[in-house]
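One structure is given below, encoded as structure tokens.
Readers should treat all values here as calculations from the given coordinates under stated rules, not as data from a laboratory. The structure displayed is predicted, hence computed values, not measured ones. No Cβ is skipped: glycine too gets one built from the backbone with ideal geometry, and neighbour counts run over all protein chains shown.
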Amino acid sequence: MWDRAELKTKAKEVLKEKYWKSFLISLVLLLSGADGSGGSSGRDAGEKVSEWVDFSEYIIIIVAFVILVIAYRILIGYSLEIGSRKFFIQSAQYKKDAGCYSFAFASENFRGIISTMLLKDIYVFLWSLLLIIPGIIKSYAYRMVPYILADNPNLGADNAITLSSKMMDGNKFDLFVLQLSFLGWYLLGLLALGVGILFVNPYYNAAEAQLYLVLRKTAIDLGYCTNEDLALDNDYIRHDDYYWEE
């Protein structure tokens, strides 16, 4: 069982060394996208047709904008998110963090990232169509997918989603509580015209990366996956309650 306070303490230790770089990465993560009349009955048919044409133009603009946002999220946002998650994973292990974005946009990783993240989002969307609550539960179940991809983008969509679900089994509510523990910081950030929230994000992202390391180790210990599945090397990882020699 992981301890929320200890994760946050470890996150603070990491941020002491590289807060401003983590701040910039959190901005990129934010930009990645992670994380709708009627008229008077006295009007004639011509006016109604004219109104419909004007309304349809707005609909076309809105649809075009939504398509552009979705295309941006898929073609750019996914890899930006994975690169950002990889940065926080590397930082949490006190490893070199250079090349995280080139890793995410590399041709050999790009397709795996898009296919897995897209399938994850489709699953969450379909579950949300049933009711809001099932969609929220599934979004927590799949929360570790970006971190898994940051380790191995080519694990396979079904494998990554299944592994995340196993990692989060029994941890979804605890993650929710971890998020709630940052509420006070975010409220303070809102008081600073909302800009303060940007300075809280590195803290939360660092803490969530710490959580992934804990869940990753547990998954390996329980046989849900192997070091090879996650493309983990044999480098030394800082040793304490949550770090070990692979």
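Quick check: net charge around Leu155, other residues with Cβ under 12 Å of its Cβ, Lys/Arg +1 and Asp/Glu -1?
Every neighbour counted, the sum reads -4.
If you consider only alpha-carbon coordinates, what radius of gyration and Dmax does the chain have, in Å?
In Å, with Rg to one decimal and Dmax whole: 21.4, 79.
Sort Lys96, Lys120 by Cβ crowding within 10 Å, fewest neighbours at the top.
Fewest to most other Cβ atoms nearby, the residues stand as Lys96, Lys120.
Give me the mean projected area, in nm² to one decimal, of the convex hull enclosing the Cα positions of segment 93-189.
If I average the Cα hull's projected area over directions, I get 8.0 nm².
Compute the distance in nm between two label points, each set 7 Å from the Cα along the Cα-to-Cβ direction, one at Tyr94 and one at Ala231.
2.6
What fraction, in whole percent, of alpha-carbon pairs in segment 76-142 exceed 13 Å separation?
Of all Cα-Cα pairs in segment 76-142, 67 percent lie more than 13 Å apart.
On a straight-distance basis, which lysines could pair with Lys10 in a cross-link, Cα separation under 28 angstrom, same-chain partners fewer than 8 positions away excluded?
Lys18, Lys21, Lys86, Lys95, Lys96, Lys138, Lys166, Lys172, Lys217
Treating only the Cβ atoms of Lys and Arg (+1) and Asp and Glu (-1) as charged, compute the dipole magnitude of the chain about its Cα centre; round to the nearest 20 debye.
Rounded to the nearest 20 debye, it is 380 debye.
Counting Lys +1, Arg +1, Asp -1, Glu -1, what net charge surrounds Leu222 among other residues with beta carbon under 12 Å of its beta carbon?
In short, +1.
If each residue of separation counts as 0.36 nm, what is the full-extension length gain between Ile70 and Asp174 once their alpha-carbon separation is subtracted?
34.4 nm
Tell me, Arg73, Arg4 in order of fewest to most beta-carbon neighbours within 10 Å?
Ascending Cβ contact count within 10 Å gives the list Arg4, Arg73.
For each of Leu175, Leu213, Leu68, Leu27, count neighbouring Cβ atoms within 10 Å of the residue's Cβ, then give the residues from fewest to most.
Ranking Leu175, Leu213, Leu68, Leu27 by Cβ neighbours within 10 Å, fewest first, gives Leu68, Leu27, Leu175, Leu213.
Divide by every residue of the chain the summed helix terms, -39500 (n - 2.57) for each DSSP H run of at least 4, and state the resulting mean residue ellipticity at 222 nm, rounded to the nearest 500 deg cm²/dmol.
One gets -23500 deg cm²/dmol as the mean residue ellipticity at 222 nm.
Give me the net charge of Cys100's neighbourhood, meaning all other residues with Cβ under 10 Å from the Cβ of Cys100; Lys, Arg count +1, Asp, Glu -1.
Around Cys100, the surrounding residues sum to +2.
With r defined as the distance between the Cβ atoms of Leu190 and Tyr58 and R0 fixed at 41 Å, what FRET efficiency is calculated, to the nearest 0.05?
E between Leu190 and Tyr58, to the nearest 0.05, is 0.85.
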